[in-house]
Amino acid sequence: MTTIYYTATSLDGFIADPNNSLDWLFQFGELEPNTFDTFLAGVGAIAMGSTTYQWIYDNQIAPATGDPQPWPYQVPAWVFTSRQLPTLANADVRFVSGNVRPIHQEMAIAAGDKNLWIVGGGDLAGQFYDAGLLDEIVVQIASVTLGGGAPLFPRPVDPPLQLLSAKTYGRDFVELYYRVSYT
């Protein structure tokens, strides 16, 4: 089992713009080919922050424009939050707060031999890193700058990450795959 922060970012290192919008990412359409479907098939549990959950809820589950979609994940999801969030009747979503370490243990049990996905945001991924629980980072870098917003990873990493691979996708993306080293 591996704990992986898998996400997309702008060239200047933001996963959402200053308004928590992902429109900057969706302008590129569906990225084909990509590694996401293969990655998702290997995921057994998900962790996300409250802002990520609220974005999914507002933009997919209960969008103001209509056309609601079901919860997008088939595996249990832990939402780290310090505030009240809307609940979902037909999804395995668990609202938690506090230290990531004991919750990581619960997630590992639920995932079995599959991986744990840190969906976002960057601060939550940083908390897993701080606890020595983050194993890999996979990031697709888009050919756009935002100038501000939610940072990809809002803390120094030392020692440096170990680059395992770099691959281009189309004209607009490069995927970097890193191993996290703690010594």
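Read-outs: derived from the displayed coordinates by stated rules, not from any lab. Being a predicted model, the structure only gives us computed values, none of them experimental. With ideal geometry, Cβ positions are generated from the backbone for all residues, glycine too; neighbour counts draw on all protein chains shown.
Calculated mean residue ellipticity at 222 nm for the chain: -5500 deg cm²/dmol, from DSSP H runs with n ≥ 4 weighted as -39500 (n - 2.57), summed, divided by the residue count and rounded to 500. Taking amide H atoms as placed 1.01 Å from N in the peptide plane, the amide H of residue 16 lies under 5 Å from those of 150, each 5 or more residues away in sequence or on another chain. Legend: translational diffusion of the stretch 74-159 by Stokes-Einstein, Rh = Kirkwood radius over C-alpha pairs, 10 °C, 1.306 mPa s; D = 107 µm²/s. Using θ = phi - 60° in the Karplus curve 6.51 cos²θ - 1.76 cosθ + 1.60, the 3J(HN,Hα) couplings for the stretch 53-70 round to 4, 4, 5, 4, 4, 5, 9, 10, 6, 9, x, 5, 8, x, 6, x, 10, x Hz; x is entered for Gly and Pro.
For residue 61 and residue 174 in one chain, what is 0.36 nm times their gap in residues minus the Cα-Cα distance, to one decimal in nm? Walk me through the numbers before you get to the answer.
Values: separation 113, 0.36 × 113 = 40.68 nm, distance 2.95 nm.
Between residue 61 and residue 174, full extension yields an extra 37.7 nm.
Distances between placed amide hydrogens fall under 5 Å for residue 43 paired with 115, all partners being 5 or more residues away or on another chain.
Note that the stretch 71-86 has calculated 3J(HN,Hα) couplings of 3, x, 10, 9, 10, x, 10, 9, 10, 7, 8, 10, 9, 6, 10, x Hz, one per residue in order, obtained from phi through the Karplus relation 6.51 cos²θ - 1.76 cosθ + 1.60 (θ = phi - 60°); glycine and proline are x. Measuring max minus min along each principal axis, the C-alpha atoms of the stretch 3-165 give extents of 45, 38, 32 Å (largest first).
Distant-in-sequence amide contacts of residue 118, defined by a placed amide H-H separation under 5 Å and a gap of 5 or more residues or a different chain, comprise 4, 5, 6, 47. Model label sites at residue 145 and residue 88, defined 7 Å from Cα along the beta-carbon direction, differ in position by 3.6 nm.
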